[in-house]
Structures are given as C-alpha cells and as structure tokens.
Amino acid sequence: MSRSREIWLSWNNNAERLRLPVNPPDITIGNASQTTTVDVAGIGEVAIINDPVLKTFEFSSFFPATWGPYCEYEDIPNPKQAVAMIEKWKASSKPIRFLVSGTAWNFAATVEDFVHREEGGDVETIYYDLSLREYKFVTIRKLDTSKKGSNGSTKVTTSSTAARPSTKTTPASYTVKSGDSLWKIAQANGTTWQKLAELNKIKAPYSIKPGQGLKLK
C-alpha cells in the first residue's frame, strides 16, 4: 500500500501548524483560464508549472469529533479549535503555507474562503470547504539616490516592481455556466462570493444553476 500524503497548513513561519486529519479525496487547481481536479493520492505525478499566473486550490473535507479508520493519524485536533485556527489565519490577512508531503507542492497562499458547518446526525464533527490563492512575495526595489551620473542627474540603479493598475472592467451581470460556483464567479470578477450572495439574495446552501442570471454590481 502506498504511503498516504500528509497535507499541512502552517502560519507565521510555522508558529502554528495544522495537519489535516482527513485528507480530501481531490483538490481542484485553477488559474485565470482553466481548472484541473486531481486525486490526492496522485498529486506527486502532477506537474505544477511555475508561471506568473497565481493558482487557486479548492478542496473539501471534515474535522471528525472522534478518531476513525479514515483519519490520517490518531492524535487528531479538536474540530472547533481547528476551525478557530483557520479563521484566525484568514482574519490576519497574512499568507499561510500549503504543503503536501512527498511532492513539490509547497506554496505560500492566502485563505480566500473558509465555509464550515455541522451536519445532522454527526454531532460535533465539522465539515468544511477551503479555498486558497497562491501568494507571491514581492520585494520592492529602491532607487539609489546616492550616486550621480556624469551630467549631475540621479543615477537609477534599480526599479520598482509595482504592478500596473488593472484596466479590466466588471460587467453588470453574468449568466451561470455548468461547473460554476459563487466563489469561482467572484474570483473572476474581482469580488467575493459573500457579496454576490447578498446582492442576488442567495441563501444557504448558496447553490446556483446553469442559465441563472446574477447581478455583479
């Protein structure tokens, strides 16, 4: 039997760490143009291209109230404490580290969305959907004003890495397509799924269907 992957989330340079007690069956990887769903057991065989487009990672699992044979290890975390930890990381606006053992998957990422719930008949077990967005650390270069050119002007030795402002405009409405979710639509249009749900008066469980028209602003 192949060794199970360890999936870790950590924050603040490993000051706080959380290993998922139950691995998700699969993880959806996305970028600006496409999404791919991969089986967790086969993650090591998936090549992640290092390109400038920020990737997103989405998966669902649960924090069990008690240990079971589906758990990855025995000393599992308390579900409420695990949820509180991720909520704290999300509220901090600081990136976390998303790592899968035995693979090249080791990304800095921000917690974009974290939805959790308890389901009937499964007391104190918490189910969740987690969405992460890859984070790129940017070093701001400085101008060296201590050196002068031959004509007395300031000699520029470095430049800023600040990105150009986006000129993309958000349309007023959108028609739901197959495979869409509020989170995906929000990401593509520079907003949040919570704002879309409120704008369109969509209540839990926040389901949408192909052909449905949504207001975007």
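The values are calculated or read from the model by the stated rules, or taken from the named source; none is laboratory data. Remember, predicted model here, so these are calculated numbers, not experimental data. FYI the Cβ positions are ideal-geometry reconstructions off the backbone, even for glycines, and counts take in every protein chain you see. For the accessible areas, the whole protein counts, side chains as well, though only heavy atoms, and no ligand, DNA or RNA atoms are used. Shrake-Rupley method; radii C 1.70, N 1.55, O 1.52, S 1.80 Å.
Taking the numbered list (1) modelled with pLDDT of 85 or more; (2) over 15 Å from the mean Cα position of the chain (by Cα); (3) among the β-branched types (Val, Ile, Thr) in turn, Ile7 passes all entries but (2).
Could you please let me know if Gly179 is touching a Ser or Thr at 6+ places or on another chain (Cβ under 7 Å), modelled with pLDDT of 75 or more and exposed (fewer than 10 other Cβ atoms within 10 Å of the Cβ)? No; evaluated as a whole, the condition is false for this residue. Figure legend. Inter-residue proximity from region 110-133: first residues polar (S, T, N, Q), second residues crowded, with 17+ Cβ neighbours inside 10 Å and in a loop (DSSP other than H, G, I, E, B), beta-carbon distance below 9 Å, spacing 6+ or different chains. Indicated pairs: Thr110/Pro95; Thr125/Pro64. Among the residues of region 182-217, those identified as surrounded by 14 or more Cβ atoms within 10 Å (Cβ to Cβ), farther than 20 Å from Thr35 by Cα and in contact with a Phe, Trp or Tyr (Cβ under 8 Å, 6 or more places away or on another chain) are Ala197, Tyr206, Leu214, Leu216. May I ask you to list the residues in region 106-139 that are more than 26 Å from Leu182 (Cβ to Cβ) and not in a strand (DSSP E or B)? Selection gives Gly121, Val123, Glu124, Phe137, Val138, Thr139. Is it the case that some residue within region 68-83 is open to solvent by less than 80 Å² (accessible area, probe 1.4 Å), at pLDDT 95 or above and within 27 Å of Gly179 (Cβ to Cβ)? No, there is no match, as no residue in region 68-83 is open to solvent by less than 80 Å² (accessible area, probe 1.4 Å), at pLDDT 95 or above and within 27 Å of Gly179 (Cβ to Cβ).
Determine whether Thr191 is at pLDDT 80 or above and out of contact with any strand residue (DSSP E or B) (no Cβ under 9 Å at 6 or more places or on another chain). Considered against the rule, which asks whether it is at pLDDT 80 or above and out of contact with any strand residue (DSSP E or B) (no Cβ under 9 Å at 6 or more places or on another chain), Thr191 comes out as yes. If the condition is being in contact with a helix residue (DSSP H, G or I) (Cβ under 6 Å, 6 or more places away or on another chain) and farther than 13 Å from Lys88 by Cα, then region 6-23 contributes only Asn23. Note on region 93-109: among residues that are open to solvent by 40 Å² or more (accessible area, probe 1.4 Å) and of a type in the set (S, T, N, Q), the one that is modelled with the lowest pLDDT is Ser93.
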